[in-house]
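Novice: Pasting a structure below so you can have a look.
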Number of protein chains: 2
Amino acid sequence: MWQRECIPRGWVKSVRKMKDNVFLDVNDGTCGHNLQLVVSKPQLQDTAYGSSVDVTGTLGRTPKNQLELKVDSLQELGACPLAEGYPFYPKKSYPPDYIRNHLHLRPQVSSVGSTLRVRHQATKCFNDYLDREGFIQIHTPIITSNDCEGAGEAFQVRPANDGLLKQMAKKGGPARPGTFLTVSGQLHLEAMAHGLGKVYTFGPTFRAENSKSPIHLAEFHMLELEEAFMDSLDALADRIESMVKCVTKSLLENSSEDLSSVRKLTTDSNLEQSFTWVDKQFPRITFDDAMQVLQQHKTKLKSPVCPAEGINKEQELFLVDHFASPLFVTSWPKAIKSFYMKENAANPELVDALDFLVPHAGELVGGSVREGDHDKLAAKLPDREALGWYLELRKFGSVPTAGFGLGLERYLAWVLNVHNVKDVIPFPRWAHNCAM
Amino acid sequence: MWQRECIPRGWVKSVRKMKDNVFLDVNDGTCGHNLQLVVSKPQLQDTAYGSSVDVTGTLGRTPKNQLELKVDSLQELGACPLAEGYPFYPKKSYPPDYIRNHLHLRPQVSSVGSTLRVRHQATKCFNDYLDREGFIQIHTPIITSNDCEGAGEAFQVRPANDGLLKQMAKKGGPARPGTFLTVSGQLHLEAMAHGLGKVYTFGPTFRAENSKSPIHLAEFHMLELEEAFMDSLDALADRIESMVKCVTKSLLENSSEDLSSVRKLTTDSNLEQSFTWVDKQFPRITFDDAMQVLQQHKTKLKSPVCPAEGINKEQELFLVDHFASPLFVTSWPKAIKSFYMKENAANPELVDALDFLVPHAGELVGGSVREGDHDKLAAKLPDREALGWYLELRKFGSVPTAGFGLGLERYLAWVLNVHNVKDVIPFPRWAHNCAM
């Protein structure tokens, strides 16, 4: 715990009073381990659970070879008066819903600390993988005039200050089109791929949905990638599989303690057993194959199997369970997929699209080869005026591109074995909930 | 250019026809260098400037030891019919305002590619520095109910779909407070620092201003950092100075070609001369000192020097020029700074705040030690109801913290010697401007 900085300052996580000494466990937030302090009773005064302390002392080893600090001086920086409303009592564990109701104090809860450190590390591993592979990170915009993908599910944005709005309106000029919070940076990324080649964006994305689902948020983090000169679904699946495995292996190397702690695993071999999939090939089945499997097992499903409605969450999780592995579902019916997806060369009723399904979250990744044919795209474009620029990418120096979007919170829920994405993001926002 | 991938595919940047051969310069977006292709005339057909190509051939060296590809086969992937409205002609250079008017095609402009690669690398260097120093990246929220800092300058957010709004309102319950786009993640970060210790956020931030200024954007990227157990302005200045120098040195190591290209420098020593400040100590002067310098030179300033109004942009740039260095201005009058800044122990009319000033942008960083005293903070809090949670951080396990915010676009404008921040962000948003 004190490797990065050698000044023991932190928060008291437990207090055990013995005959002559008091043992304090102190944590500074850099890792899940606490440092044990031994304080002689006369020194201690009232330092208690939850308070913050600044300590000097001599580092040594306990008989069990644990690091221990024999305290020379201890200064309490801030007390923690439990009786005045501190929500987390010592030696008690609380359900996630309760912890989430105390957003501003929950970073002091050990499991929350571990979760947020894993989130940091996963973010870093995704960025590092993509940098190594030659991708350029592009900050696609949050405020956008492009709401084509988010029809009905976008947030609208305007200056809060009415005076400013009037002042800006006075300037005249054409009526402003609406401005929205981004639901996807994909179209912007495609423009960037036409010149920079390999690009990605990794940032906040928004959905205005009236949902309390454990796998949806109004504000979530999405990694979107676009790769120029890529024109096959297999190459796209290779990219996704390589990224997910590399990132997870790095995470296992760098965050095993925090991963084990959140997953409540007690040994390294338990952890390895939970991630055997990092060394196995993920199955790739077509949408038609998936429908056949679901039809064969329809008595085990609550929901009807209907190709025209795609694959719902229950069915996604059934497939993951059935194949006992994360898996790709490829080659979807054109009628239920987006306008920008490439028509399959052999069967014009299909598009070269894929979903990548995992435990807990179901769909973790959705991707496709993009329609590169100017005239085919023009015929499918939802709004020719607003998306004229997008069509123009197919006119000047056009190249094949393919790409996908991956939800960071779903990835974390999967690898951390956490059932609600609200518990893997520092400040969750969902319908009617925007605390702080 | 082909180091990362050995398949020469890219965009034709120039065409030179000789007697038997045609020389094509091709770029794939991964770096500023083009690869020269030699094509025998019968092979070439009509491949022209701006088109995209897929090539096979044999790599060799020119008499000047440049890499060159002797082409065996060349496939044009997409043409580039200039006459149909392509905005960038070969061998022409265009002013930034013109280039910016063609957002979706400008990634194909060489200087834009260099700028965006430097932006990627700078983002990576900031993240790497902070990870090495033990900071945890926190995704502070974009949508927030906390508009205390942005009074009058915030964007308001609501679902765009009126049906959804009605459906959500039907549920009854208390009236919803407004929701806004974040103007700063600082207060959220402070909550995180109380438990995780060293934290930062690096993401989009918003100002609803009716401004066309070359150093303001409605949506920009801010790195905000909060460090627990830090209680002095000198330690904070050390942190900023160390970060800015480390990141810039990494950038010089990893992006010298793109930096030189955007700065229009032709030799490595030119580049070194532009960055001699990375090895010098930055001056640290107090606000009072700064006022004295400005008073002494007031005849050189267009704006009056008035301590009650702080230091305006002209004066910031004058100070940078006067000291011939980036510099810190510390110890500001309490009356003109924010409520969360710590009252100076020796002089209660001052706060332990600093600005870090640089060429071009003026204020690059603003930071402070935070007011840790519960009662002093309570007396200054602008909205006790909305910020009760913030006050509570000073009640349960309170620790000293200090932190700052740095604008990525201003940093890039500085190191790239670019005068308008709109040209260092992929999709600039400002008053009345939200293209794509």
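The values are calculated or read from the model by the stated rules, or taken from the named source; none is laboratory data. Computed from a predicted model, the values in this text were never measured in an experiment. Here Cβ is always computed from backbone atoms with ideal geometry, including for glycine, and neighbour counts include all displayed protein chains. Just the protein is used for accessible areas: all its heavy atoms, side chains included, with ligands, DNA and RNA removed. Shrake-Rupley method; radii C 1.70, N 1.55, O 1.52, S 1.80 Å.
Novice: State all residues of region A:345-365 that are surrounded by 18 or more Cβ atoms within 10 Å (Cβ to Cβ) and closer than 20 Å to A:M230 by Cα; if no residue qualifies, say none.
Specialist: Those that are surrounded by 18 or more Cβ atoms within 10 Å (Cβ to Cβ) and closer than 20 Å to A:M230 by Cα: A:L350, A:V351, A:D352, A:A353, A:L354, A:D355, A:F356, A:V365.
For (1) in a strand (DSSP E or B); (2) over 39 Å from the mean Cα position of the chain (by Cα); (3) not assigned by the TED database to the domain that holds B:M18, each residue gets a yes or a no:
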{"position": "B:G50", "(1), (2), (3)": "no, no, no"}
{"position": "B:P63", "(1), (2), (3)": "no, yes, no"}
{"position": "B:D72", "(1), (2), (3)": "yes, yes, no"}
{"position": "B:C80", "(1), (2), (3)": "no, no, no"}
{"position": "B:A83", "(1), (2), (3)": "no, no, no"}
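Novice: Let me ask something additional. Being in contact with a strand residue (DSSP E or B) (Cβ under 8 Å, 6 or more places away or on another chain), under 20 Å from B:A353 (Cβ atoms) and away from every other protein chain (no Cβ under 14 Å): is that true of B:L236 here? Please lay out each step first, then the result.
Specialist: On the way: in contact with a strand residue (DSSP E or B) (Cβ under 8 Å, 6 or more places away or on another chain): yes; under 20 Å from B:A353 (Cβ atoms): yes; away from every other protein chain (no Cβ under 14 Å): yes.
Yes, satisfied.
Novice: Here is a follow-up. For region A:125-136, enumerate the residues that are facing chain B (nearest Cβ under 8 Å) and either modelled with pLDDT under 95 or surrounded by 20 or more Cβ atoms within 10 Å (Cβ to Cβ) (or both).
Specialist: A:N127, A:I136
Novice: Let me spell it out: the conditions are (1) surrounded by fewer than 24 Cβ atoms within 10 Å (Cβ to Cβ); (2) more than 30 Å from A:N34 (Cα to Cα), and B:L259 meets all of them except one. Which number is the exception?
Specialist: Of everything listed in (1) surrounded by fewer than 24 Cβ atoms within 10 Å (Cβ to Cβ); (2) more than 30 Å from A:N34 (Cα to Cα), B:L259 misses just condition (1).
Novice: What are the residues in region A:182-202 that are surrounded by 24 or more Cβ atoms within 10 Å (Cβ to Cβ) and either in a loop (DSSP other than H, G, I, E, B) or facing another protein chain (nearest Cβ under 7 Å) (or both), if any?
Specialist: Listed by number, the residues that qualify are A:T182, A:G185, A:H188, A:A191, A:M192, A:H194, A:G195, A:L196, A:G197.
Novice: Would you mind stating whether B:G50 is within 14 Å of chain A (Cβ to nearest Cβ) and either on the phi > 0 side of the Ramachandran plot or exposed (fewer than 12 other Cβ atoms within 10 Å of the Cβ) (or both)? First the steps, then the outcome.
Specialist: Details: within 14 Å of chain A (Cβ to nearest Cβ): yes; either on the phi > 0 side of the Ramachandran plot or exposed (fewer than 12 other Cβ atoms within 10 Å of the Cβ) (or both): yes.
Considered against the rule, which asks whether it is within 14 Å of chain A (Cβ to nearest Cβ) and either on the phi > 0 side of the Ramachandran plot or exposed (fewer than 12 other Cβ atoms within 10 Å of the Cβ) (or both), B:G50 comes out as yes.
Novice: Select from region B:216-233 the residues that are among the charged types (D, E, K, R) and more than 11 Å from chain A (Cβ to nearest Cβ) and write down the one among them that is farthest from the chain's Cα centre (by Cα). Reasoning before the result, please.
Specialist: If we filter region B:216-233 for residues that are among the charged types (D, E, K, R), which is where we start, we get B:219, B:224, B:226-227, B:231.
With the extra rule that they be more than 11 Å from chain A (Cβ to nearest Cβ), the set shrinks to B:224, B:226.
Values: B:E224: 12, B:E226: 18 Å.
This residue is B:E226.
Novice: Let me ask something else about it. Among (1) modelled with pLDDT under 95; (2) within 7 Å of chain B (Cβ to nearest Cβ), there is one condition A:L116 misses while meeting the rest; what is its number?
Specialist: With respect to (1) modelled with pLDDT under 95; (2) within 7 Å of chain B (Cβ to nearest Cβ), A:L116 is out only on (1).
Novice: While we're looking at this one, here's another question. Could you tell me which of the residues A:P95, A:P159, A:P107, A:P90 is closer than 26 Å to B:T182 by Cα and modelled with pLDDT of 90 or more?
Specialist: Within the list A:P95, A:P159, A:P107, A:P90, the selection yields A:P107.
Novice: Yes or no: A:R429 of a type in the set (D, E, K, R), under 25 Å from A:Q121 (Cα atoms) and either crowded, with 17+ Cβ neighbours inside 10 Å or not assigned by the TED database to the domain that holds A:A228 (or both)?
Specialist: On the way: of a type in the set (D, E, K, R): yes; under 25 Å from A:Q121 (Cα atoms): yes; either crowded, with 17+ Cβ neighbours inside 10 Å or not assigned by the TED database to the domain that holds A:A228 (or both): yes.
Criteria met by A:R429.
Novice: Collect the residues in region A:382-406 that are away from chain B (no Cβ under 13 Å), open to solvent by 10 Å² or more (accessible area, probe 1.4 Å) and under 30 Å from the mean Cα position of the chain (by Cα), keeping them in residue-number order.
Specialist: A:P382, A:G405
Novice: With respect to A:E68, determine if the residue is assigned to a strand (DSSP E or B) and open to solvent by 50 Å² or more (accessible area, probe 1.4 Å).
Specialist: On the way: assigned to a strand (DSSP E or B): yes; open to solvent by 50 Å² or more (accessible area, probe 1.4 Å): no.
Spelling it out, it is not the case that A:E68 is assigned to a strand (DSSP E or B) and open to solvent by 50 Å² or more (accessible area, probe 1.4 Å).
Novice: Still on this structure, I have one more. Specify which of the listed residues (A:R117, A:R61, A:R100) is buried (at least 19 other Cβ atoms within 10 Å of the Cβ) and among the basic types (K, R). Can you show your working first?
Specialist: Details: A:R61 fails: buried (at least 19 other Cβ atoms within 10 Å of the Cβ); A:R100 fails: buried (at least 19 other Cβ atoms within 10 Å of the Cβ).
Exactly one of A:R117, A:R61, A:R100 is buried (at least 19 other Cβ atoms within 10 Å of the Cβ) and among the basic types (K, R), namely A:R117.
Novice: When only residues in region A:104-114 that are over 18 Å from the mean Cα position of the chain (by Cα) and aliphatic (A, V, I, L, M) count, which is least open to solvent (accessible area, probe 1.4 Å)?
Specialist: Restricting to residues being over 18 Å from the mean Cα position of the chain (by Cα) and aliphatic (A, V, I, L, M), the top hit is A:L105.
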